[in-house]
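Structure first, commentary second.
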Amino acid sequence: MEFAIVRFPGSNCDRDCEHVITRVLGERARFVWHQDRDLAGADAVIIPGGFSYGDYLRAGAVAKLSPVMESVAEFARGGGPVLGICNGFQILLECGLLPGAMLRNRSLEFVCKHVHVRAVTTRAAFTGGLDAGAVLRIPIAHAEGNYTLPEGQLDELRARDQVVFEYCGPSGQVGESFDPNGSIGHVAGVCNEAGNVLGMMPHPERASEAALGSTDGLALFRSAVDAVAG
Amino acid sequence: MTTVRILISSKEGVFDPEGKVVQSGLERLGYAGVARVRVGKVIELELDATGDELADQVASMCSAFLVNPVIEDYSFEVVEA
C-alpha cells in the first residue's frame, strides 16, 4: 500500500510518518510537495503536523491555498482515506473538509505531553482496527488545539457519529481535568460525514514504537493498511 | 490607492483566551474597572479600488481567506490619507 505524505514549508512530522509507514509497517510512502498536484497511485493521504507557513494569519489558513489541497479535496470526494494530524487537522478545518475551527489553547500555552484519548467511534478511516471505547495514550504538541463549533453543532456532530476521539483519563473517564486545551465536548478528533476524512490533534506517529513510550498510535496506520487490503 | 483597515475580532460568544489573559494582566496592574477585553487583529491593505467595488473586493477576500467565519467577525474602514 502507498501513503502520500503532503509536505508544506514548515511541515515537521512528515519524516516521522514516513518512518512509521516504511520502517515499522513495511509499507510504501512518498512525499508530495505542496506545489504539486499528483496523488495518482496513493491509497491514503496524510497531512502531517508542523507549522505550515509559520502559522501566519491562522494555523492552516495559508496551506489551504496550496495546489495540492485541490487534489486532496478531490481524493476525499472520491472516498479516499485522508488523515490530518495536528497542523494537518487545522488545515483540513480551514479547507472545510472537516467542520469547526481551532482557537488558542485555553491556557494560552503550547502543550506538549502524553494524553489519553478514547475512540468514540471506529467507523472513520484509520480507526477500523480499534475497539470502540479503546483508550489510546498518544502525545499532543500544540498551541491551537482548542476545538470549537458554532452554537448547537456539537450535538449534531455527535448525532452523525463524527466525533472520533475525545480526551479522557487513563481508564477512559471523560472530564474537564483530562482536557488539555479546552476543546468543546473535549473533542480530540473528528471525521467528515462519510467518515473517510479524519483530523486529530494527538500524534499517532509519535506513539508507534515501544522506544517512544507508547505503541498505541500504530493501530491507526495499521487500520489504513488493513482497510486497503480489504 | 485606497488604504483599507480590516478589524478582525473573535465572534460574540466565542471564547477569547487572549482577551482573558490581557484582562487579568490589567487587573494585576490595578485597573479593576475593565469589564472586558477582546484581542483581535488588524490587516491594512492598499487597494486600487473605491466605493462598491472596494467593498465587494474586501468582502470576498475576507470570506475566502482573511477571516474564519466560524470563530471571527470583521469590519473594515477606509483610512483617510
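Read-outs: derived from the displayed coordinates by stated rules, not from any lab. Because the structure is a prediction, the values reported are computed rather than measured. With ideal geometry, Cβ positions are generated from the backbone for all residues, glycine too; neighbour counts draw on all protein chains shown.
Once both labels are positioned 7 Å from their Cα atoms along Cα-to-Cβ, the gap between A:Ser177 and B:Asp73 label points is 3.7 nm. Taking the longest Cα principal axis of chain B as reference, the axis of helix B:51-61 is set at about 60 degrees. A Förster radius of 45 Å, combined with the Cβ-Cβ distance separating A:Asn12 from B:Tyr31, puts the computed FRET efficiency at roughly 0.65. According to the Kirkwood relation over distinct C-alpha pairs, the hydrodynamic radius of the protein assembly as shown is 20.4 Å. Dividing the alpha-carbon radius of gyration of region A:88-230 by the rule-of-thumb value 2.2 N^0.38 Å gives 0.97. The charge dipole of region A:103-230, taken about its Cα centre with unit charges on the Cβ atoms of Lys, Arg (+1), Asp and Glu (-1) only, comes to about 200 debye. Using a Förster radius of 35 Å, what is the FRET efficiency between A:Glu151 and B:Met1 based on their Cβ-Cβ separation? Nearest 0.05, please. The computed FRET efficiency comes out at 0.30. Rounded to the nearest Hz, the phi-derived 3J(HN,Hα) couplings of region A:188-200 under the Karplus curve 6.51 cos²θ - 1.76 cosθ + 1.60 (θ = phi - 60°) are 10, x, 9, 10, 6, 4, 6, x, 8, 10, 10, x, 8, where x marks glycine and proline. For region A:2-229, a simple Cβ point-charge model (Lys and Arg +1, Asp and Glu -1, everything else neutral) yields a dipole of about 220 debye relative to the Cα centre. Counting only alpha carbon atoms, the long axis of helix B:17-28 and the longest principal axis of chain B meet at about 50°. If I model region A:13-106 as equal point scatterers sitting on the Cα atoms and use the Debye formula, what is log10 I(q)/I(0) at q = 0.11, 0.23 Å⁻¹? Each listed q corresponds, in turn, to -0.31, -1.27. Each Lys and Arg Cβ is given +1 and each Asp and Glu Cβ -1; about its Cα centre, chain B then shows a dipole of about 640 debye.
Across chain B, the relative contact order, built from alpha-carbon pairs under 8 Å that are at least six residues apart, equals 54 percent.
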